[in-house]
Amino acid sequence: MNNVELLAPAGNFSKLKTAIYFGADAAYLGGKDFSLRSFADNFSREEFTEAVKYAHARGKKVYVTVNIYARNSDLEKMEDYFAFLAESGADAALISDPGVLYAAKKAAPRLAVHISTQANVTNKYAVKFWREMGAERVVLARELSLAEIAEIHAFVPDIELEAFVHGAMCISYSGRCLLSDYLAGRPSNRGECAQACRWNYSLRRNDGENGGWLPIEEDERGAYILNSKDLNMSAYLREMRAAGVYSFKIEGRMKSEYYLATVINAYRRCIDGGFTPAVERELLTAAHRDYTTAYALGENHETVNYSNSQTKGDCDYIGNVTDCENGFAKIEMRGRFYAGDELEVLSPSDNFGKSFTVTEVYDSNGEPVSDCKRVQEVYSVKCPYALSAGDIVRRRKNNFLI
């Protein structure tokens with residue numbers, strides 16, 4: 001599939017490196033302020049400057065989220081921040097608030113602006129409006145169908161369209177939610193979402209002496225009444241491209257490196273080689289909720305994951321490869337493993353999906369071990385493949401290999 005962008009999240013510098021290594025064309029990230037994921041590690045100004053240099057040296061782009069709904073007190077600091085972003089070489093800023101757009105154009109007129117999904121763009125006139133205001137790209141609301149996206153593209157063909165293809169979805173309209181603020185005092189629209197929609201709920205009966213808290217009994221539909229399924233559009237990327245979507249966006253700045261590596265690798269392979277059963281299986285290996293195509297194919301009343309908050313993946317994350325020489329892979333441990341375990345390789349290379357049995361392993365002191373239980377210890381594991389720094393090893397729970 002030609003002329004598309006795979007856009008991945010990066011909650012910190014390590015995740016940025018993972019995203020790029022596994023095939024992202026661009027990454028979106030947040031600074032310490034003005035971002036809707038304020039509980040991610042995020043980037044200081046110094047780190048952001050280094051991140052841009054790192055990405056550009058590899059031919060990749062960096063977009064920065066400045067997508068809170070601002071108050072008056074935010075705007076002066078924002079102007080300084082936009083000037084910094086332009087100077088540092090950021091490829092675009094993601095904005096949802098018209099006042100923030102005004103501040104950006106005032107402070108950094110040459111900085112490209114992308115309109116965030118938080119702006120709830122659901123129609124062609126809204127896209128045309130943002131184009132006339134100077135935006136180069138619009139991130140469309142998740143609630144749109146492919147037919148609606150195609151109509152927008154035909155009406156405003158001179159603007160890039162970006163849409164989510166994978167990851168968690170908000171139960172509220174395109175993420176404009178008050179639930180977290182109301183229940184936990186953490187305003188979602190200023191980056192502090194407590195994910196209250198993922199909680200298990202009870203009901204309270206108010207009928208005099210019989211009143212009290214009642215659990216919502218779980219039956220075949222479960223009890224997580226506000227918990228949306230995860231989006232998965234991997235089987236429909238060609239249809240999305242035909243509708244006019246240029247940038248395929250993965251959600252997950254709060255997700256782990258293993259999650260990002262798994263999902264980015266799957267979508268990279270899907271873009272380059274088409275949707276396959278191997279891609280479908282791969283997207284089951286990391287933790288996720290039940291999958292849905294949401295509203296892309298039309299009206300859909302089956303978008304809530306009633307049974308649980310999240311489904312564990314089919315694989316255990318074992319560790320990151322830091323080096324490989326003389327037939328031994330150096331693996332920084334993230335999950336306990338043992339001699340005799342069968343491990344599988346997650347890699348952007350042809351080693352992807354290959355497995356090997358742990359027959360010989362040494363700790364960082366060169367001592368042979370059979371139980372690798374020290375987190376972040378770098379173990380030397382005999383491996384028949386020439387792995388690369390950045391590869392990941394995992395263990396399948398059901399011993400089913402790709």
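The values are calculated or read from the model by the stated rules, or taken from the named source; none is laboratory data. Remember, predicted model here, so these are calculated numbers, not experimental data. Reconstructed Cβ throughout: ideal geometry from the backbone, glycine too, with neighbour counts over all protein chains shown. Accessible surface areas use protein heavy atoms only, side chains included; no ligands, DNA or RNA. Shrake-Rupley method; radii C 1.70, N 1.55, O 1.52, S 1.80 Å.
Counting only protein heavy atoms and a 1.4 Å probe, tell me what percentage of the stretch 1-132's accessible area is made up of carbon and sulfur.
Roughly 46 percent of what the probe reaches on the stretch 1-132 is carbon or sulfur.
With a 1.4 Å probe and every protein chain left in place, work out the accessible area per residue of the stretch 344-402 in Å², rounded to a whole number. The partial results should precede the final answer.
Values: 3000 Å² over 59 residues.
Result: 51 Å² per residue.
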- Given the pairs Lys249/Lys382; Lys53/Lys124; Lys128/Lys249, which span a C-alpha to C-alpha distance of over 32 angstrom in this model? Lys249/Lys382; Lys53/Lys124
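State the percentage of accessible surface on the stretch 290-402 attributable to carbon and sulfur atoms; use a 1.4 Å probe and exclude ligands, DNA and RNA.
Working: 2480 of 5670 Å².
That share works out to 44 percent.
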- Message: Using a 1.4 Å probe on the protein heavy atoms only, what accessible surface does Ile171 show? Give it in Å² to the nearest 10.
- Response: 70
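Is the C-alpha gyration tensor of the stretch 232-335 telling us rounded, prolate or oblate? Criteria: a/c under 1.5 is rounded; beyond that, a/b larger than b/c is prolate, otherwise oblate.
Details: a/c = 2.65, a/b = 1.56, b/c = 1.69.
In terms of gyration-tensor shape, oblate.
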- Message: One quarter of the convex hull surface, Cα atoms only: what value does that give for the stretch 271-402 in nm²?
- Response: 9.8
- Task: Mind listing the long-range amide H neighbours of Gly31? Cut-off is under 5 Å, sequence gap 5 or more, other chains count too, H placed in the peptide plane at 1.01 Å from N.
- Result: Phe43, Thr65
- Query: If you add up the charges near Cys315, with Lys and Arg at +1 and Asp and Glu at -1, over every other residue whose beta carbon is less than 9 angstrom from its beta carbon, what do you get?
  - Reply: +1
- Message: Quick query: amide H of Cys315 versus all other amide H atoms, modeled in the peptide plane; which residues come in under 5 Å with a sequence gap of 5 or more or a different chain?
- Response: Lys397
- the stretch 280-291 - phi-based ³J(HN,Hα) in whole Hz, Karplus 6.51/-1.76/1.60, Gly and Pro as x: 4, 5, 4, 6, 9, 7, 9, 4, 6, 8, 3, 8
- Task: For helix 257-273, report the angle its Cα long axis makes with the longest principal axis of the Cα atoms of the chain; keep it between 0 and 90° and round to the nearest 10°.
- Result: 80
- Listed by chain and number, the lysines with an alpha carbon less than 16 angstrom from that of Lys373, same-chain partners under 8 positions apart left out, are Lys330
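Residues of the stretch 83-142: accessible area per residue at 1.4 Å, in Å²? Present the calculation step by step, with values, prior to reporting the outcome.
Values: 2410 Å² over 60 residues.
With the other protein chains kept in place, the stretch 83-142 gives 40 Å² per residue.
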- Packing-based order for 86-92, 374-380, 251-257, 21-27, using average beta carbon neighbours within 10 Å, highest first: 21-27, 251-257, 86-92, 374-380
- Task: Within the stretch 292-344, report the GluC sites (Glu not before Pro) that DSSP leaves as loop and that have at most 16 other Cβ atoms within 10 Å.
- Result: Glu299, Glu302
